[in-house]
Structures are given as C-alpha cells and as structure tokens.
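Taking it in order: structure first as structure tokens, then the write-up.
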Amino acid sequence: MTASPLVDASGTRQVPDKDVRTVITSSLIGTTVEWYDFFLYSTAAGLVFDKLFFPTDNPTVSTVLAFATFFVGFVARPLGGVLFGHIGDRIGRKRTLVTTMLLMGVATALMGALPTYEDIGLLAPLLLVLLRVVQGLAIGGEWAGAVLMAVEYAPNGKQARYGAWPQVGLALGLGLGTGLFALLGNVLSDEQFLGYGWRIAFGLSIVLVFIGLVIRLRVAETPAFEQMRAARQTSRAPFLDLFRDRTSRRNTLLGLLSRWAEGAAFNTWAVFFLAYATTTLDLPRTDVLVAVMVASVVLAVLIPVFGRLADRWTPRRTYAVGAALFAASVFPAFLAFQTRNPLLIGIVIVLVLGVVHAVLYAPQGTLYAQLAPVQLRYTGMSFVYQFSGIYASGLTPMGHHRAPGRGRFALVGLRVPRGRRSHRRGRDPGVAPARSALRAQRLLSRQAGAAVVQPNTGRAPLIAWSPTERDL
C-alpha cells in the first residue's frame, strides 16, 4: 500500500503523521543501505583490496592503488548526481530512488563474488573499478532524493530535524560495515577473512536492498514535486537552468565551497584513519574497527539532536559552528594518535567523528535544499554534494597517506613529524577546508534569499521559494 496525501475542501494537501513517519523511515533505511554498500568499499580498500586486487612488493603502493579506486567512485558520483538529478526533477523523487537502490545493491553484491588478481590477473581490478563506478553513479542520485523526501514532507518549522534523519543513514551504514568487518575479523583467522570472510559483508547487501525496496515502494511522491508538476513548472534541462539563474548559480558555487570541510572531515576520520591506524600506527585491526563503529553509533544518536538545534539556530549557523570545531580539532587529534595508546585514540575518534562531525552533517541536507527552487532542487543538491566529493572526499585518503621512508604523515598537504608539531603559524593547510567553508558560510549569510514556507493548514506545508532567501 502506498502512502498518499489527502486533499481537503480548499485543495490544501494534508499528510497524516503516519505517512510522514513512513517517509522518514524510508529515507533513513534507504540511505543506510546505500552508505553501507558504499563504505564497505572504503573499509575493504584499506584492509582487503590492497592485498587481493592490487598486490605489489610495496604495501604503501598497494594501499594507494586501492584508495585510487576508492577515488574513482567519487568521480562517478557527480555524473550520477546530474543524471539522476535530471530524472528526479522531471519524473519524480520516488522512481529515481528505487532505481539508485537497485543499482547499488547489485554492484555491491557482485563485488563480493569477484575473483581476485591471483585468479584472473588484471581483469580482477578492472572489474572492481567498473563496479565501483556503478556504485558511484547510484550514490550520486541517492543522497539528494532521500533528503528531499524528508524535507519536502516536513511540517512547518521542522525541516532541519526531518532533513537530519536521512543523514543518520551515513552513520548507521558506516557502523554496520565496520561492525560486520570487525565481527568477521574476530571470529575468522586472517586467512579465512581474506579468503571468504569479507565477501559475506558484500553479499549481505542483497538482503538489505530488499528490505529497503519494500519500504520505499510504500511512499508516495513528495507534495512539493506534485504541486510543481501540476503547475507545469518542470524544467526541461535542470542542470543548465541551475547555472542560468543568477541566484541559483551563486548559491551552487558557495555550496561547493562549504562542502569542503564536511567531506574532508568525514573521510579523514572514517576512511583514512582505518588504514593509518592499522599500518603506520600498527594498531590491532579489530580495535580500530570497533572504535569507528562506536563513533558511528554516537554520530547516529547526535545527528537528530543537532538537527533539532538547526531549526532554532538555522542550518547555516549550525554548519558554520561544525566547520569551526573541525578546524580546532585536527591537530590535537593527530597529535593524540602519535601516542599509539588504543584507549586514547578510540576516545579521540569518538569525539571528532561522533560529536564534531554530527554538528557539521546534521544540518547539511536542509542547508543544501535551500540553494535552488523546487524544479531544480534535486539536480542542485546532487551536483553540490557529489561534485564537491571529488576534492573534498575522494582525494582525502590519498592526500593523507603516509609518505614512505620519511617517518611522517601527510595531513591535507601538511607534513607533521611524529610526536611534535611542525608548521608555520598562519599557513596551515590542514585546516584550510574548514576555513574555506567558514568563508562560504559568511558569504551565504549575506546572500539575498531564504526559504519561505507557504501558509498551509495541513500537517506538511510545502516549501515555496522567494527571490530573497534570508536563511541561506
């Protein structure tokens, strides 16, 4: 049965609370499944793929090659964002999300069935890269649609807290992936884990996708999209119109800049840290995975909390606070890593990934939903989030990776000797992403224009957009 809005005598759309909860559940489970699939690859890249698909005499080279294919997924994401953004703005959010979930599930399951380099030679990494591209295309269209389903169904004054729930899917997906890898690594020997254990985690994707599809098919199209389609305001070329409109073009460029901090932060703590801790710091793999899993649980709990706060502070201000906290936490975190104390490192990861990142990530979806009008919103959100992923997320693990033979690690272009700080004041590339994001937030605050919510007697008012958008 499909959840559908009611229409009262005045023609106002009314969405029952039960249907809104179904929408939120659908968005949450959908993003959880998608991010589980996507981050399984990042976890495997640092622990498995370097050994099975990119074997070399130099472990550092193997790891860099594995992370290079991780980067390929981020290159494919903008293409998926533009492609599925076009479909989502013209045909609808729901149909697009069903397609992206199927693509992601099939690609991930096939990864778990791939023969290794030892079995079929160069064909193995080539097939892995091809499936990674499919993953990138799918996630490129998933995130914006899931957030829009929540935000465009949200009651007046609760857009940020509703928009935060799909963001929880990232934390749950990361926690499921790292938690399952930790469990398999704990109950299996290294030979068994490399032989077939990691494949179990990838094969589980089919079950999760089935559950997600059952729930997602019960959800109706968003009221905002149906109203736009009924008014015949659909854009024929959303991506082109996004840059033809001066306000949308400016907001898009500022959104691309603001994304740098969040993307660099997450991939530093959740992706690069896994390889850095198990290789450079030589910490036990299970301990590292458990630390990230605990941090992801804390992240999942705090995202809705900061989503509620974002309705009070505005998404822009909340995001700016998160960027400032990230800038302040970078050097203390990496200096703590040099102690090689597993307990201290675990606490630090919980703080920077579980707490600080929640401040950044909770308001992000709602903030980006305010950057473009409804007929361009899916395309605009997808492009900002996915294109920025190339430099903000995909290159982060490669840029951080330990420089061989020098006894030090790279931190967003900055090399810091182990155990002591070595950089010139005022020229700290390590916090450049956060500083750039803060500048973008200041520009956004001056931007004329904010989302204006139409008066609506129903439970889920539609978002209208005026030429002035104060909340940006």
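Considering only the Cα atoms of the range 141-256, their convex hull presents on average a projected area of 10.9 nm².
The listed residues LEU240, LEU281 rank as LEU240, LEU281 when sorted by accessible area, largest first, using a 1.4 Å probe.
Within the shell of other residues whose beta carbon sits under 13 angstrom from the beta carbon of VAL147, the net charge comes to 0, with Lys and Arg scored +1 and Asp and Glu -1.
A simple count of charges around VAL134, restricted to other residues whose Cβ falls under 15 Å of its Cβ and scoring Lys, Arg +1 and Asp, Glu -1, yields -1. Within the shell defined by Cβ-Cβ distances under 14 Å, the residues around PHE84 carry a net charge of +3, with Lys and Arg each +1 and Asp and Glu each -1.
Rolling a 1.4 angstrom probe over the range 154-306 with all protein chains present gives an accessible area of which 62% lies on carbon and sulfur atoms. For q values of 0.18, 0.25, 0.26 Å⁻¹, compute log₁₀ I(q)/I(0) with the Debye formula on a Cα-only model of the range 346-396, without solvent. Log10 I(q)/I(0), no solvent term: -0.70, -0.96, -0.98. Phi-derived couplings, Karplus 6.51 cos²θ - 1.76 cosθ + 1.60 at θ = phi - 60°, listed residue by residue for the range 347-354: 5, 4, 5, 4, 5, 6, 8, x Hz, with x used for Gly and Pro. Computed from the Cα positions only, the extents of the range 255-387 along the three principal axes stand at 50, 29, 23 Å, in decreasing order. Annotation: per residue accessible area for the range 106-254 equals 42 Å², rounded to a whole number [probe 1.4 Å, protein chains only].
Each residue of the range 95-107 was assigned a 3J(HN,Hα) from its phi angle through the Karplus expression (A = 6.51, B = -1.76, C = 1.60, θ = phi - 60°), giving 4, 5, 5, 5, 5, 5, 5, 4, 4, 5, x, 5, 4 Hz with x at Gly and Pro. Residue separation of THR286 and LEU127 scaled by 0.36 nm, minus their Cα-Cα distance, works out to 54.4 nm of gained length.
The calculated pair-distance distribution of the range 108-209 uses every alpha carbon pair, bins of 5 angstrom beginning at 0, and gives 2, 11, 14, 18, 17, 13, 9, 7, 5, 2, 1, 0 percent.
The values are calculated or read from the model by the stated rules, or taken from the named source; none is laboratory data. Here the structure is a predicted model, which means the values were calculated and not measured. In this analysis, Cβ positions are derived from the backbone assuming ideal geometry, glycine residues included, and neighbour counts consider all displayed protein chains. Calculation scope for accessible area: heavy atoms of the full protein, side chains included, ligands and nucleic acids excluded. Shrake-Rupley method; radii C 1.70, N 1.55, O 1.52, S 1.80 Å.
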